[in-house]
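Have a look at the structure below before the remarks.
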Amino acid sequence: MIFVDACFGKKTPYTPVWMMRQAGRYLPEYRAVRESAGGFIGLCKDYKKASEVTIQPVDILGVDAAILFSDILVLPMEMGLELEFVAGKGPVFHNPVLTKEDIKRLDVKSAVKNLSYVYDTVKLTRDNLKKDKALIGFAGAPWTVATYMIEGGSTKSYNICKKMLYTQPELLHEILAKVTEGTKLYLENQIKAGVNAVQIFDSWAGALERDVYLQFGWRYILEIADYIKAKYPEIPVIAFPKGIGSYLDSIGGNFDVFGVSWDTPIRMARNKLSDRYTLQGNMEPCRLYSKETIKSSVTKILNIMDGYPHIFNLGHGILPDVPVENAKYFIKLVQEMSAR
Ligand code: 1CP
């Protein structure tokens, strides 16, 4: 699989490419299956339909890897938090985690077991996916997942979880430790079911000061990566802490691929990290709105990463109103322009 080879820094015939959120609302085929499943959570729980939408971008766009269709919030949901996706608002947890008692109620063991629909999705997808295409499993990083658990949904200011961080840091660490424990076992079960790589999404890493992030965010990612690499050295681990470009010098650890978000110049990431990690990224997702800006960005990024270990991707997820034709153009352009 050229995707896995690239994760380990091996030479590949061209630069493999996929997109974060590649199974999603910009695809009419996805919207049709989502509707038939009665909504987003229903779709995550229906392993046949989840597997179908996982494979759609491989068939429609020709990406080099499929990413398991699920969400980072199914783990806390199965730990006992009541999750609803509210139209126009996003995810809502009706019983957020704010006290010691709330933490005690989080049931890690049952969650990891109850996520069997995810493992079934992985098995079926790996059976149906072309042999040369990789299947990426994933989880949210403990910090990002905890922001939803504590705030009860999406947040712009993070004031509830930051208040906990600065006034009751040990309470936040307890939540983070519990999510970390669940995430290790959850990713391990995805690997046992057949994923070829795992990605840890820390979408809200950039919300914290450097030293605070290293202590409350990054260290838990490293703990998860250490656990996976010790048991499954053949499975690449991709770390994606979004928005920490200003302190790449502080970044190291036992993982294989570093995801570069679009706000970080990829040349800078290359200079600081390419001797140790394959880089993944980092086209600004809104460039997909125009073929001209796709072409200029792909040309620039390929030139900068020429000869360095690289997986092409966006610097965050594709947006729902991007024309499918532009996404197809992007994938084909990367594969053709990078052919060696
Ligand atoms: O209406 C719909 O169809 C729901 C939109 C949607 C989709 C397609 C959500 C709701 N989740 C997903 C799938 C999803 N989420 C994947 C699947 C595979 C793929 O990439 O194709 C993955 C990897 C995620 C991960 C995820 N969920 C993250 C981390 C990555 C990122 O984009 O930053 C986060 C933060 C979430 C939370 C989430 N899920 C969905 C929403 C609307 C949100 C909230 C986002 C926010 O707070 O801004």
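The values are calculated or read from the model by the stated rules, or taken from the named source; none is laboratory data. In this text, all values refer to a predicted model and were calculated from it rather than measured experimentally. Here Cβ is always computed from backbone atoms with ideal geometry, including for glycine, and neighbour counts include all displayed protein chains. Please note that ligands, DNA and RNA were not included when accessible areas were found on the heavy atoms of the full protein model with its side chains. Shrake-Rupley method; radii C 1.70, N 1.55, O 1.52, S 1.80 Å.
Some points to look at:
- Within the range 246-269, the set of residues being open to solvent by 40 Å² or more (accessible area, probe 1.4 Å) and in a helix (DSSP H, G or I) comprises 246, 249, 250, 267, 268.
- Residue that is farthest from the ligand (Cβ to nearest atom), among those in the range 44-58 that are over 15 Å from residue 123 (Cα atoms) and either touching an Asp or Glu at 6+ places or on another chain (Cβ under 9 Å) or among the basic types (Lys, Arg) (or both): 58
- The condition of being within 30 Å of residue 6 (Cα to Cα), touching a Gly at 6+ places or on another chain (Cβ under 8 Å) and in contact (Cβ under 8 Å) with a residue 24 or more places away in the chain does not hold for residue 124.
- Flag if residue 155 is on the phi < 0 side of the Ramachandran plot, without any contact (Cβ under 8 Å) to a residue 40 or more places away in the chain and within 11 Å of the ligand (Cβ to nearest atom): yes
- Scanning the range 96-112 for residues that are free of Cβ contacts under 8 Å to residues at least 24 places away in the same chain and either closer than 14 Å to residue 67 by Cα or surrounded by 13 or more Cβ atoms within 10 Å (Cβ to Cβ) (or both) turns up just one, 102.
- Flag if residue 124 is in contact with a helix residue (DSSP H, G or I) (Cβ under 9 Å, 6 or more places away or on another chain), at pLDDT 95 or above, assigned to a helix (DSSP H, G or I) and within 16 Å of the ligand (Cβ to nearest atom): yes
- Matching helices (runs of 4 or more DSSP H) fully within the range 1-80 where at least 1 residues are of a type outside the set (Phe, Trp, Tyr) and either open to solvent by 40 Å² or more (accessible area, probe 1.4 Å) or under 16 Å from residue 134 (Cα atoms) (or both): 2-7, 28-36, 40-45, 47-61
- Counted residues, the range 60-83 - those being in contact (Cβ under 8 Å) with a residue 40 or more places away in the chain, farther than 22 Å from residue 311 by Cα and more than 7 Å from the ligand (Cβ to nearest atom): 6
- Close contacts from the range 277-294, counting a first residue that is open to solvent by less than 10 Å² (accessible area, probe 1.4 Å) and a second that is of a type in the set (D, E, K, R), with Cβ to Cβ under 6 Å and a gap of 6+ residues or different chains, come to 294/287.
- The number of residues in the range 1-30 that are over 18 Å from residue 332 (Cβ atoms), touching a Pro at 6+ places or on another chain (Cβ under 9 Å), within 16 Å of the ligand (Cβ to nearest atom) and of a type outside the set (Phe, Trp, Tyr) comes to 5.
- Members of the range 81-108 found to be basic (Lys, Arg) and part of a loop (DSSP other than H, G, I, E, B), listed by number: 89
- Of all the residues in the range 298-319, those that are away from the ligand (no atom under 16 Å from the Cβ) and surrounded by fewer than 22 Cβ atoms within 10 Å (Cβ to Cβ) number 8.
- Any hit, the range 201-221, residues being open to solvent by 10 Å² or more (accessible area, probe 1.4 Å), away from the ligand (no atom under 16 Å from the Cβ) and at positive phi: no
- Residue satisfying all of: in the range 320-340; hydrophobic (A, V, I, L, M, F, W, C) and in a loop (DSSP other than H, G, I, E, B); surrounded by the fewest Cβ atoms within 10 Å (Cβ to Cβ) among these: 339
- Condition check for residue 115: within 10 Å of the ligand (Cβ to nearest atom), touching a Phe, Trp or Tyr at 6+ places or on another chain (Cβ under 9 Å), open to solvent by less than 10 Å² (accessible area, probe 1.4 Å) and of a type outside the set (S, T, N, Q): no
- Matching residues, the range 165-200, being touching a residue at least 60 places away in the same chain (Cβ under 8 Å) and either among the acidic types (Asp, Glu) or within 12 Å of residue 147 (Cβ to Cβ) (or both): 174, 175, 179, 181
- Scanning the range 303-328 for residues that are under 22 Å from the mean Cα position of the chain (by Cα) and farther than 25 Å from residue 203 by Cβ yields one hit, 328.
- Filter result (hydroxyl-bearing (Ser, Thr, Tyr) and assigned to a strand (DSSP E or B)) within the range 270-296: 278
- Residue within the range 126-137 that is open to solvent by 50 Å² or more (accessible area, probe 1.4 Å) and not charged (D, E, K, R) present: yes
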